[in-house]
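What follows is a short report on a single structure.
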Amino acid sequence: MVRYSEDELNQALEAISNGLSLRKASLQYGVPRSTLQLRLQGSQARSIAFSDLQRLSPSQEAKLAEWVRIQHALGLPPSHQQVKEFAGRILHAMGDTQPVGRGWIQAFIRRNPSVKVQRSRSIDSRRVNGASTEVIRDWFKHLAIPEIISIKPANRYNMDETGILEGQGSNGLVLGMSETKSVRKKQPGSRAWVSIIECISALGYVLNPLVIYKGKAVQQQWFPLDLSPYEGWQFTATENGWTSDATAVEWLQKVFIPQTLPQGKEVRLLIMDGHGSHTTTDFMWLCYINNIHLLFLPPHTSHVLQPLDQSVFSPVKSAYRKELGYLSQWNDSTIVGKRNFIGCYQKARTAGMTMQNIRSGWKWTGLWPVSMAKPLMSSLLLPTTPKPSASSDQVSKGQSGGKEGKEAEGWASASSAVVWSTPRKMKDLAGQLKLFTELDNDASTQRLLL
């Protein structure tokens, strides 16, 4: 059986329209003459002729294929199982509850040649973990694809989770007796962990938070009587006070999607870390049906690439500690519980999440305006270890042969014991030149290295 692609068939038809004979086109492109004759007589491609028999319509498959391509370009290609799950959910929304067949994914790929199967490759963690120049350069390529370039700053968002101990105050300067070196400062009593999911836009706006308490369920006594300062806030509880797969989906449904509705069919970009709760099928499905592109930061780069980490969370936590200190200082019998925590955090959030701080975070991470130079100039960037050149390896190992090789080896071993520094005065320069001469008086070796 002759195998050929739809692209080869179209190329053969185009060649025939440009004057190539039917026989030569068949031989050149490997398409049977009978197939070419049928197409020239007006028959349709199988994918079009039998489209009514497909589980998903051509337009639905085209949208799914486009999503696969974009997520691949953003560094998060979906698995076969995730694509099949998406297809099943699309069918379920249309009232078709039957799962897709075992061969559906292969047929989907065949009908959409822009999508192909690729084997995922393991990458050394030293290459992807940490804010190195190589990692940042590779990651910024995601921001340069056309689908991302076209997204407005109003539709670009950064989400992250922060954690706070309800009663964790701060160390600082206080007044005490002159005879003692330090003073023990009273800390509020509560030590329960609370997580908060925050999200900011590239224009400097902040969404309402999702507060995650430790507990089985949210209780009314955790909140003050006046709830007006927390209008729009969302509250939930987990066993340990940390985010989970369910809370990540809850945040999408109750916070992000309703608070960031764009105009018309504009696309939203959500930048965040690659936490496992952000890669579940439920989370990615909600993003797919709401036209949200996900872009994950490389591991261990939040301190350089995350706008919230860069200039927002630090002033918020600093203000929170000050609020706690004030509370414990003037309310001697108060134990900071959930009710007082939420009041302190609300004030700290107002003080720290300013439009100026938010925009500064986007600017200095280079995420908006997009500028790879910003993170590459960060003082927190991991140092790059230069690779030794072949010639220097030869010199250091004495592989050049004979007397010259031994001399070079001796020079290298001797010079390795010397710590060189930039000369600041003529006396320093003269001393280093003298030291060069003492290491080796052979002129040829000096020419090689100087």
Test of understanding: ordering Ser277, Ser201, Ser311, Ser57 by Cβ neighbours within 10 Å, fewest first, what list do you get? Ser57, Ser277, Ser311, Ser201
Points 7 angstrom from Cα along the Cβ direction at Lys347 and Ser150: gap in nanometres? 4.9
Short to long, in 5 Å steps from zero, the percent of alpha-carbon pairs of segment 1-43 per bin is 5, 27, 41, 22, 4, 0
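Compute the FRET efficiency between Phe235 and Thr35 as 1/(1 + (r/R0)^6), taking r as their Cβ-Cβ distance and R0 = 60 Å, and round to the nearest 0.05.
Using R0 = 60 Å, I get an efficiency of 0.40.
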Rounded, prolate or oblate: which fits segment 258-313, taking a ≥ b ≥ c as square roots of the Cα gyration tensor eigenvalues, rounded meaning a/c under 1.5, else prolate when a/b beats b/c? oblate
Quick one: length gained pulling Thr97 to Ser57 fully straight, 0.36 nm per residue minus the C-alpha distance? 12.8 nm
How far apart, in nanometres, would the label points at Asn18 and Trp193 be if each is projected 7 angstrom from Cα along the Cα-to-Cβ direction? 6.5
If I take R0 = 51 Å and measure r between the Cβ atoms of Thr162 and Arg110 in this structure, what FRET efficiency does the formula 1/(1 + (r/R0)^6) give, to the nearest 0.05? 0.65
Working note, segment 223-377: Cα radius of gyration (Å, one decimal) and Dmax (Å, whole number) are 17.9, 55
For the pair Leu227 and Thr133, what calculated FRET efficiency results from E = 1/(1 + (r/R0)^6), where r is the Cβ-Cβ distance and R0 = 56 Å, to the nearest 0.05? 0.70
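None of the figures in this text is laboratory data; all of them are computed from the coordinates on show. Note that the structure is predicted; figures quoted are calculated from it, not measured. Backbone-built Cβ (ideal geometry, glycine too); neighbour counts: all protein chains shown.
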